[in-house]
Each structure stands twice: as C-alpha cells, then as structure tokens.
1. Does segment C:356-390 hold any residues that are closer than 19 Å to C:GLY309 by Cα, charged (D, E, K, R) and within 14 Å of another protein chain (Cβ to nearest Cβ), and which are they?
2. Going by the conditions given, is A:SER136 modelled with pLDDT of 95 or more, surrounded by 19 or more Cβ atoms within 10 Å (Cβ to Cβ), in a helix (DSSP H, G or I) and more than 14 Å from the chain's Cα centre (by Cα)?
3. Residues being surrounded by 14 or more Cβ atoms within 10 Å (Cβ to Cβ) and in contact with a helix residue (DSSP H, G or I) (Cβ under 7 Å, 6 or more places away or on another chain): count how many of those fall in segment C:172-211.
4. Could you please let me know if C:PHE57 is of a type in the set (Phe, Trp, Tyr), more than 14 Å from chain B (Cβ to nearest Cβ), in contact with a strand residue (DSSP E or B) (Cβ under 7 Å, 6 or more places away or on another chain) and not in a loop (DSSP other than H, G, I, E, B)?
5. Working carefully through the options B:ALA146, B:ALA192, find the one that is in a loop (DSSP other than H, G, I, E, B), in contact (Cβ under 8 Å) with a residue 60 or more places away in the chain, under 28 Å from B:PRO220 (Cα atoms) and not aromatic (Phe, Trp, Tyr).
6. Being of a type in the set (A, V, I, L, M) and surrounded by fewer than 19 Cβ atoms within 10 Å (Cβ to Cβ) is the filter; apply it to segment C:26-54 and report the residue that is farthest from the other protein chains (Cβ to nearest Cβ).
7. For A:ILE183, indicate whether it is out of contact with any strand residue (DSSP E or B) (no Cβ under 6 Å at 6 or more places or on another chain) and crowded, with 21+ Cβ neighbours inside 10 Å.
8. What strands (runs of 3 or more DSSP E), lying completely within segment A:1-89, carry at least 1 residues that are farther than 13 Å from A:LEU140 by Cβ?
Amino acid sequence: MKTKKFKKEIRLSGSGGQGLITAGIILARAAVIDKINVTQTQSYGPESRGGASRADVIISNDEFYYPEAVNFDVLLALTQEACDKFAVDLKDEGILIIDNSIVKNTPKMESEIYEHPFTEIARKKLGSELPTNILSLGFLVKITGVVSEHSLKTAVGNSMKPQFKDMNMKALKLGIKLAEVDIKNNGA
Amino acid sequence: MSNIPQKQIHKYLRHDKKFPHVWCPGCSNGIVLGATIRAIAELGYEKDEVAMVSGIGCSSRMPVYVDFNTLHSLHGRAIAYATGVKFFKPEMKVVVVTGDGDATAIGGNHFIHAARRNIDITVILINNNIYGMTGGQYSPTTPDGARATTAPYGNIDRTFDICKLAIGAGATFVARTSAYHAQESKLFISKALEHKGFSLVEIVSSCPVIFGRLNKKGSPADMLKDMKDNVITEKKYNELSEDEKADKIPRGIFVEEQVPEFTATYTDLVQSLQKPKDE
Amino acid sequence: MAKNETKTKSVLMQGNEAIARGALAAGVNFFAGYPITPSTEIAEICSVEMPKMGRKFIQMEDEISSMAAIVGASLAGAKSMTATSGPGFSLMAEGMGYAKMVEAPCVVVNVMRGGPSTGLPTKPSQADIMQARWGTHGDAPSITLYPNSVMESYELAIRAVNLAEKYRTCVTLLSDEVLGHMRERIEIPNLKTIKVVDRVKPTIPPEWYKHYPENPKYPMPLASFGEGYRFHVTGLAHDAKGFPTNKASETAVMMERLRNKIRHNIDDIIQIESFMMEDAKIAIFAAGITSRAAKEAVLMARKKGIRVGMLRPLTIWPFPDEAIKKYLCDKKAIIVPELNEGQLSKAMKRVMGAIWSYELRKSKNIIGLNKNNGELINPEEILKVIKEVK
C-alpha cells in the first residue's frame with residue numbers, strides 16, 4: 001500500500017514554565033508510537049520560568065534532515081510575544097492556534113485560526129493552569145491529525161508522573177472535545 | 001622496631017636507570033622517601049597494591065624511584081588523578097606525594113575537595129616553603145618577609161597553615177611533623193595509611209640549596225637543627241605565650257576521626273540499588 | 001544469529017542521552033564530570049544508570065579534576081569518559097594532552113555552544129573544531145568524531161570508546177547544543193550485537209613488559225595498576241618503560257609513536273558520508289548539525305536541476321585529506337557552511353591548495369558560509385549560495 005508522503009512542521013511557543021517543551025516531547029513520542037520519523041528541538045533562555053520558549057516538532061512519514069521548523073504548518077502560541085514573533089513564518093495554508101485569554105491581538109492572516117482561552121479553561125475546569133500544555137496539545141492533534149489520538153493518549157500516559165496523570169488525561173480529553181466542537185461547527 | 005636494615009628500603013626502590021636522583025644534597029625529600037618506604041614495609045603492603053601519585057615539583061619526583069604503581073601527573077592535579085585510581089580500584093592503597101605549591105596553590109581546590117569528600121587517599125605533603133624546581137619563587141607557605149626570587153624584597157603574601165586548611169575542609173586525619181623527626185614521620189605516615197578516609201601528613205622540610213641560600217639559613221645540618229628546635233609538640237606549643245609561638249610550629253596528630261569514607265559509601269549505594277524494589 | 005538478537009528498540013531519545021547510552025553500551029565504567037550547559041544531561045544520565053550497573057560515577061570539583069580523574073581511572077583499568085562544553089573543554093586541554101602523552105585511553109565529549117568565553121550557553125556552535133585538534137600544547141595527536149543525528153550520537157559514542165581503547169589515546173567526541181538537545185526516533189540495537197573493543201591484558205612476565213613498546217600493533221596488551229606490572233607513567237618525555245628521558249633518540253621514538261598511531265591507521269579511523277556526489281558539479285562540505293541543512297539544501301537544489309552533492313566527515317580529525325582529494329578535486333565549487341568563522345574551510349583550503357594548480361585555483365572556488373550568532377545555518381541560506389555559484 002502506498003501512503004501519501006507528508007511532512008508537518010509544528011512550533012509550540014510561549015514562555016518558560018508553560019510546559020511547551022514537555023508538550024513537544026510528548027507529541028514526538030506519539031509520533032514514535034505511530035512509527036513515523038520525528039525530530040523535536042527547542043530554544044530557550046537561561047531561565048526555567050519566564051522568558052521566551054519554543055519547541056519545534058517535525059513529523060513526516062518520509063526522510064527529512066533539517067531539524068528546526070522554518071515554515072510552520074502549525075503554530076501554537078500561548079503568549080502575545082510568541083504569536084507576534086512567529087505568526088509571520090506560518091504557511092498561508094497553515095493553522096494558527098492561540099490562547100485568546102492571553103493573546104489579545106489576533107494577527108490578520110490567510111491561515112486558519114483557532115482561538116480558545118486554554119489557560120482559563122484549564123484553571124476553571126481542572127483547577128490548575130498546569131495542564132494547559134496538554135489541553136492545547138490535545139486540541140492541536142485533533143484539529144491537525146499529525147499523530148493518532150490513540151498514540152497521543154499513550155504518550156501522555158507514559159510521560160506523566162502518577163500524581164499528575166489523571167489531571168493531564170482529563171486535560172487531553174477536554175482539548176480533543178473542544179476541537180470536535182470546532183470541527184463540527186466549521187463543517188456545518 | 002626502628003632498625004629496619006637498609007636492604008629493606010632497597011627492595012622498594014627501582015634500580016635500573018633512575019639513580020642518581022634529582023634531589024640536591026641536603027634536601028629533605030630523601031628522608032621522607034625513607035620514612036614512607038619504612039612505613040609501607042612495616043605495614044606489610046604488597047608493592048602491587050600501592051599506587052603512588054604525584055604532581056609537579058621536587059617532591060613530586062618521588063614516584064619514579066619506587067617500585068609501586070606510579071603516576072607522575074600534572075602540576076596540582078595529583079589528588080584528582082589519585083581520586084580516579086582510588087575510586088575505580090578502592091582495594092588499592094593510594095598515596096599522593098606533593099609539595100606546598102603543588103597541593104595548596106595550583107592544586108588547592110582538589111586538596112580541599114578530596115578532604116571534604118573523605119576519599120581514602122593519604123597525602124604526604126612535603127612543605128619546604130618554596131618552589132624549588134623552578135628555582136625559588138614564593139609559595140603559599142613562604143614565611144612573612146622571607147626572600148624568594150619573586151619576592152626579592154621579602155614576601156608580603158600571607159601564608160596558609162596547611163593543617164588548619166585541611167581541618168577546615170573536613171579532613172579526617174591531619175598530622176604534622178618535620179623531616180628532622182624521621183621516626184615520627186614514619187609513624188604518622190603509617191597511621192595515615194591505615195586511616196580509612198582522607199589523611200594528610202604535612203612534613204616540614206628544608207630546601208638548603210634554594211630557600212636556605214636565599215634566606216641565609218646555613219648548612220643542611222643547621223636547617224635540620226632549626227626544625228628540631230622550632231617544630232615542637234602540640235602540647236609544648238600550647239604552653240607558649242602568643243609572642244613565643246611566633247617562630248614555632250606545632251607537630252602532632254591534630255585530627256583523627258572516623259567518618260564514612262567516599263568509596264565505601266558509594267559501594268553501599270551500589271549494593272542498595274541491586275536490591276529488589278519490593279523488599 | 002538468533003532472531004531476537006538483531007531486533008532493535010524504537011524510542012524517542014535526546015542527543016545527549018544517546019551519547020551517554022552509547023558510551024555505556026560500549027562499556028564505559030567510569031565517568032567523572034562537572035555540570036555545564038549544554039552537556040549536563042550526559043552526566044545526569046550517567047549518575048542515574050552507572051550506580052545501578054555497579055559502575056563508577058563522580059561529580060568532581062571542576063573540569064580539570066574531572067579530566068584528571070578519568071585518566072587516573074583509565075590507568076587503573078577503567079573505560080572512562082567525561083563530558084563538557086566550551087569553557088570546560090578549555091580547562092581540560094592540559095589534561096587531554098597528558099592523556100595523549102601517557103597514552104591512557106579515555107573519551108572527552110564536547111557539546112559545542114557559542115563562544116568565545118561564556119558566550120551563548122544555550123545556543124549551538126561549531127567553533128571548537130580547531131580546538132579539538134590543537135587545544136592542548138605540543139604536537140599531540142587528535143582523533144575527533146562528530147555525529148549529525150541522535151542515532152549517530154549513539155553509534156559514534158561507541159566508536160569513540162572503541163578507538164580510545166584500540167589506539168590508547170584520548171578521543172574527542174563533538175556534538176553541539178542543537179544535536180545534544182534534540183530528540184529523534186532512533187533504533188536502539190540489541191546490546192549483544194554491538195561491537196566493543198576491550199583492553200587486552202598482557203600475559204608476559206612483568207620484567208619483560210614495556211608500557212610503551214617501540215612499534216606497537218594496535219590494540220596492544222595494556223597493563224593496569226594493581227595487576228603486578230608496576231609501570232611508571234609521566235607527562236615528561238619517556239622511554240619504553242615509561243621512565244623520564246632527556247635523550248633525543250628516545251624522545252624521537254616516543255613522538256613517532258604518537259604520530260604514527262594516527263598516520264598508519266587513517267583508513268581505520270576516518271569515516272565519511274558521501275551524499276549525491278556521483279554527478280555533482282558543486283559540493284557542500286559540512287559536518288555535524290550543519291550537514292543536516294546541507295542535505296536538505298542538496299535536495300532542494302536537485303529539484304531545481306542543479307547538480308549538487310554533499311561530503312560529510314564523521315571523523316573530523318585526522319582530517320580526511322584523501323577522501324577530499326578523491327571526491328572534491330574536480331568540483332567547480334566547494335561550499336563549506338559552518339557555525340564558526342571558517343575552521344573547516346581553512347582545513348579544506350590546505351588540502352585543495354596542495355593539489356590545485358595556480359591556474360585551477362583561479363577557476364575554482366572554496367566558499368565559506370559562516371554564522372556564529374547562535375543560530376543554525378538553514379537550508380535556504382545554503383541554497384542561496386548554491387544558486388550564486390551555479
């Protein structure tokens with residue numbers, strides 16, 4: 001069976017402490033479970049909290065070499081700064097996902113844009129902002145289909161310490177559900 | 001007990017090509033070499049189980065003369081090399097021979113950290129108050145006002161008290177004697193070797209050819225006599241007034257305590273990790 | 001071979017972790033190190049795994065003592081390694097020279113970050129290429145490897161340990177911040193299938209044993225401390241038994257041995273990758289992380305009908321002179337992208353300058369593409385240069 005070749009460049013961006021590198025690693029793990037090629041890189045400053053932070057994940061069923069995302073197929077921006085800085089490198093046919101509880105100025109562009117107050121939803125429905133990364137990752141995966149939902153669930157389960165597992169699995173489901181609603185509305 | 005025949009010393013020396021040694025006539029290093037060998041001979045250590053490690057300097061030339069596993073390393077780094085040997089083969093007896101410059105100037109960091117770590121290494125520090133091999137520059141133990149080729153107007157740098165430095169860093173065996181006190185040197189080295197943990201024996205010594213001449217200290221015999229008069233027991237030293245203490249150096253075993261040793265603790269850690277988790 | 005022995009395990013792994021796991025697979029049983037970004041993960045993984053395996057891990061007081069400790073352990077029989085980055089690599093320079101001089105097998109990993117000095121701790125660089133060759137004083141030999149993927153980080157870590165053991169020297173394994181921190185899907189081989197070079201013990205009586213034989217065959221039997229051979233080791237020039245010498249004749253023998261262990265075994269030490277070079281008119285010469293952009297650029301240029309190829313050294317030192325002559329002498333242009341001010345391209349010019357005539361030099365070109373601001377060179381930037389020289 002011949003499957004169509006694809007390559008998706010995904011950038012998860014925000015500030016240090018939002019768990020974006022963790023989200024990138026989990027997404028990459030899901031790709032490994034899917035048995036497709038993946039690289040995950042990151043850029044960060046000296047601080048563990050605050051400061052600009054980004055994780056790049058390139059997923060492809062073909063060989064590729066350069067490990068950093070240059071023209072993104074998908075951009076997740078959890079801060080205004082990240083959105084302003086990286087939206088320009090999003091492909092016209094790309095997908096922008098932003099947290100509109102933090103990003104107030106949505107860029108005007110051709111790309112498909114999804115806006116949700118991910119941080120606020122996490123705080124209200126899960127009682128903590130911590131799983132915002134997993135919540136938005138669930139949303140991203142459901143919208144883009146870059147990895148299978150099943151692999152993502154396995155990767156989240158394998159990556160979390162027992163005490164955080166429940167909360168993150170709930171966050172994942174919440175993110176996926178949000179996306180399902182959007183897909184339904186868009187399709188209608 | 002003290003009359004070990006010369007022949008026994010010869011058993012521990014390397015005979016091919018190494019002699020005559022590099023040390024000047026009247027140097028204390030030979031006395032310390034003799035004391036070290038006698039201590040090891042009396043303890044009955046096998047030559048194969050002894051590793052002697054040194055850095056750079058006059059005293060650091062000692063390993064080449066002795067028939068042990070010998071490592072003449074980089075300036076200041078002897079204790080760090082010795083740490084590698086001891087940690088990988090804890091069953092070996094690891095001796096570091098070093099000087100005041102090697103151990104407390106360029107190698108000061110390794111000296112204090114090995115003491116803190118309490119790794120079972122015996123450091124024999126021959127303190128001659130000068131950099132002899134490079135021709136007489138002042139070291140961290142060159143006395144106030146003493147002359148050196150880089151202190152032509154007299155030394156203005158404050159000095160280290162090496163034993164206090166070791167004690168402050170947590171060494172679990174700290175002793176000082178002098179080259180004049182050859183029997184005591186042997187005794188302290190012997191006790192240090194048997195001590196489980198980091199041990200330091202500072203041996204106050206003389207460098208007649210360089211330090212002695214720069215500072216008009218007289219003949220090698222005069223310098224030994226100075227040690228006899230000035231390197232006094234801790235008890236006597238403590239009885240002196242502060243003024244009287246100025247020219248004197250206390251000798252004795254200042255610290256001797258049992259504290260968990262690094263390589264043994266690591267072995268325990270390794271063993272604890274082998275246990276099944278549900279135990 | 002049984003079926004399950006060839007089976008690999010597919011995992012997502014970080015470059016630094018791959019170096020640590022590769023080294024452990026190769027039998028490294030002594031690690032001493034000091035924390036420094038971006039290499040610290042290597043020490044952290046060793047600190048987790050080594051005590052469980054009954055192997056030795058120690059965090060020393062600095063990089064100087066880390067280097068010293070791995071050489072001390074090596075002389076006592078260990079397969080030893082340390083890992084560091086720029087500033088630490090500078091501090092280790094003297095100790096690396098000592099290891100090479102006394103011919104004690106060991107591996108030093110340098111995960112390159114931006115320099116000089118403290119520079120850019122969290123950004124990549126390739127500016128330690130010349131330091132890996134000439135970092136220590138004196139004419140010391142250098143074997144230096146540089147992978148370009150997580151899988152290769154694992155493989156070259158094994159190879160670095162093997163080469164160190166085989167040729168009794170301090171081998172440098174380079175990586176860089178991006179390679180060290182990136183994660184990729186890799187296939188971990190079954191440990192039983194990994195080729196490991198172990199130290200051969202001497203069997204002759206101790207009095208016949210020479211720690212530094214005149215014409216050694218590698219690997220050679222090598223005694224360790226505590227095994228009855230009681231040899232002497234010194235950083236001074238030394239004779240066959242390891243004792244210091246001032247004699248020109250004995251010193252010459254020693255220097256020749258250090259030189260020839262590389263020179264006579266070039267084919268065994270050097271590894272290169274040639275990518276689409278057969279019909280290429282333009283060649284890119286790139287190593288490590290930059291070669292990933294170069295490969296992508298080759299594919300992009302090929303789509304536009306430009307015949308470009310890439311030659312990549314996996315062994316940086318000794319420099320692959322012969323491979324360069326073979327693959328590159330007839331190319332119209334050689335593009336050398338690197339994250340420094342031209343360290344590989346200068347080495348390239350030395351090789352090509354020796355074989356290109358004065359006339360040829362006018363029509364041919366070695367073009368450096370250099371960046372040292374902490375960012376990677378990307379494929380588009382290389383493509384732009386390709387288009388310019390086409």
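1. C:GLU380, C:GLU381, C:LYS384
2. No: the conditions fail for A:SER136.
3. The total comes to 18.
4. no
5. B:ALA146
6. Among them, the one singled out is C:VAL48.
7. Against the criterion (out of contact with any strand residue (DSSP E or B) (no Cβ under 6 Å at 6 or more places or on another chain) and crowded, with 21+ Cβ neighbours inside 10 Å), A:ILE183 does not qualify.
8. Counting at least 1 such residues, we get A:7-15, A:37-44, A:52-60.
The values are calculated or read from the model by the stated rules, or taken from the named source; none is laboratory data. These figures come from a predicted structure and were not determined experimentally. Cβ coordinates were reconstructed from backbone atoms using ideal geometry, including for glycine residues, and neighbour counts include every protein chain displayed.
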